[in-house]
Amino acid sequence: MKKTSGFVLAAVAALLSFSAEAASVRRPKKEENLCGLEKTLSEFRIAGFSSYAPFSWKKVDQKASKGRKARYMYDGFVADSVTAALKDIGITHVTSKFYDSDEDLKNAVKRGEIDVVFATFYQGGDQAGMDYIYPAYFGNPLAIVSRADKKVEKSEISELKGMIGVARSEEGVYDLIKGQLPTDTKVVLVEGAESAFQKLLEGDADFMVTSPYAAMAESGRLGVADKIYIYPKALRPIKFFAAFSKMSKCRRFKEPFEKAFAKYFADKTEAEKKMHHYIKFWRENGTAVLEENAAERDDY
């Protein structure tokens with residue numbers, strides 16, 4: 001009886017030892033299982049504009065969605081540079097996070113649910129919970145867009161006195177100028193490029209305040225490029241920043257990411273060339289991207 005008991009105990013001990021060794025093989029150590037590094041089970045979380053071509057937009061991630069519910073990723077001029085820079089520093093498991101409003105995004109940053117916001121305007125680090133990367137990596141000036149048959153050629157906010165304007169809520173630019181607008185200037189916020197261009201071209205607004213790059217991309221997609229006029233002088237110089245969440249557990253990667261990311265914008269001529277590549281892409285393929293996104297939502 002004693003021999004049998006001894007044999008059973010030895011077998012159980014051997015089984016437990018084998019299970020522990022197997023578990024250690026299956027599960028990476030905690031310090032290795034962080035921040036989306038290659039050969040780990042972790043993720044690095046990014047967020048930015050989900051509907052702001054040519055900078056970044058939301059699209060179906062075909063690889064991640066195969067055989068399962070649709071998953072989405074960022075694409076576009078800035079988004080592709082972000083994932084390329086992360087790959088350069090060994091971060092390959094990147095998860096795109098999307099939020100319904102700028103307020104939701106800010107709250108997610110403060111809770112540490114995002115590691116990097118890759119396209120934001122400077123709003124004050126302490127208030128926004130962001131650890132900004134300096135300097136800004138790309139200029140995105142605000143411009144006045146008007147109808148080609150009724151041009152508004154203004155580059156000073158004060159010169160918009162008495163006019164009605166329109167702006168896209170998803171751009172987030174209205175908050176940057178509202179305090180400087182003349183008291184008799186009204187700017188209507190709408191959602192989506194279609195609504196903004198419709199108001200402008202139907203005469204409900206005298207001007208649109210927007211990025212000239214976005215105006216080129218969306219007017220081309222909508223087939224109205226010949227009906228609008230983009231005043232070449234900037235209304236206000238605006239720049240894009242990237243920032244880590246101050247609550248992110250991945251802030252140790254800030255310095256290497258900063259160096260890797262800067263490489264993609266160091267040559268201004270090449271950056272502009274790349275920008276116009278994405279403008280052309282969106283003009284030709286943007287509608288198909290949006291239709292695919294809508295179809296995937298309808299399927300689930």
**OP:** Scan region 92-109 residue by residue and report those that are out of contact with any helix residue (DSSP H, G or I) (no Cβ under 7 Å at 6 or more places or on another chain) and over 19 Å from G172 (Cα atoms).
**Re:** T92, H93, T95, S96
Original post:
Which one is surrounded by the fewest Cβ atoms within 10 Å (Cβ to Cβ), of the residues in region 67-107 that are among the small types (G, A, S) and closer than 21 Å to F55 by Cα?
Top reply: S101
**OP:** Return yes when E194 is in contact (Cβ under 8 Å) with a residue 12 or more places away in the chain, closer than 27 Å to L105 by Cβ and charged (D, E, K, R) and no when it is not.
**Re:** yes
**OP:** Residue by residue through region 263-287, note down the ones that are of a type in the set (D, E, K, R) and surrounded by 13 or more Cβ atoms within 10 Å (Cβ to Cβ).
**Re:** K274, K280, R283
**OP:** Give the residue, chosen from E156, E113, E171, E194, that is outside the structural domain of S50 (by TED's automatic domain parsing) and closer than 30 Å to I91 by Cβ.
**Re:** E171
Subject >> Meets criteria (among the polar types (S, T, N, Q), touching a helix residue (DSSP H, G or I) at 6+ places or on another chain (Cβ under 7 Å) and outside the structural domain of A119 (by TED's automatic domain parsing)) for S219 >> reply: yes
Original post:
So how many residues does region 33-74 have that are farther than 11 Å from V94 by Cα, assigned to a strand (DSSP E or B) and not hydrophobic (A, V, I, L, M, F, W, C)?
Top reply: 6
Original post:
When you scan region 231-244, how many residues do you find that are surrounded by 18 or more Cβ atoms within 10 Å (Cβ to Cβ) and more than 17 Å from F77 (Cβ to Cβ)?
Top reply: 3
Original post:
From the list M247, M275, which residue is hydrophobic (A, V, I, L, M, F, W, C) and either in contact with a strand residue (DSSP E or B) (Cβ under 9 Å, 6 or more places away or on another chain) or within 26 Å of V60 (Cα to Cα) (or both)?
Top reply: M275
Original post:
Going by the structure shown, is A196 surrounded by 20 or more Cβ atoms within 10 Å (Cβ to Cβ), under 26 Å from the mean Cα position of the chain (by Cα), over 30 Å from Y264 (Cα atoms) and not charged (D, E, K, R)?
Top reply: yes
**OP:** Quick one: which residue in V188, V166, V145 is free of Cβ contacts under 8 Å to residues at least 40 places away in the same chain, assigned to a strand (DSSP E or B) and either within 25 Å of the chain's Cα centre (by Cα) or not assigned by TED's automatic domain parsing to the domain that holds A217 (or both)?
**Re:** V188
Original post:
If you check every pair at least six apart or on different chains, which have Cβ atoms under 7 Å apart with a residue in region 269-293 that is touching a residue at least 60 places away in the same chain (Cβ under 8 Å) and hydroxyl-bearing (S, T, Y) first and a residue that is surrounded by 14 or more Cβ atoms within 10 Å (Cβ to Cβ) and part of a helix (DSSP H, G or I) second?
Top reply: Y278/F77; T287/R221
Original post:
Of all the residues that make up region 216-228, how many are closer than 18 Å to V289 by Cα and hydrophobic (A, V, I, L, M, F, W, C)?
Top reply: 3
Original post:
Does region 150-160 contain any residue that is surrounded by fewer than 13 Cβ atoms within 10 Å (Cβ to Cβ) and in a loop (DSSP other than H, G, I, E, B)?
Top reply: yes
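The values are calculated or read from the model by the stated rules, or taken from the named source; none is laboratory data. Quick caveat, the model's predicted, so the values are computed rather than measured. Backbone-built Cβ (ideal geometry, glycine too); neighbour counts: all protein chains shown.
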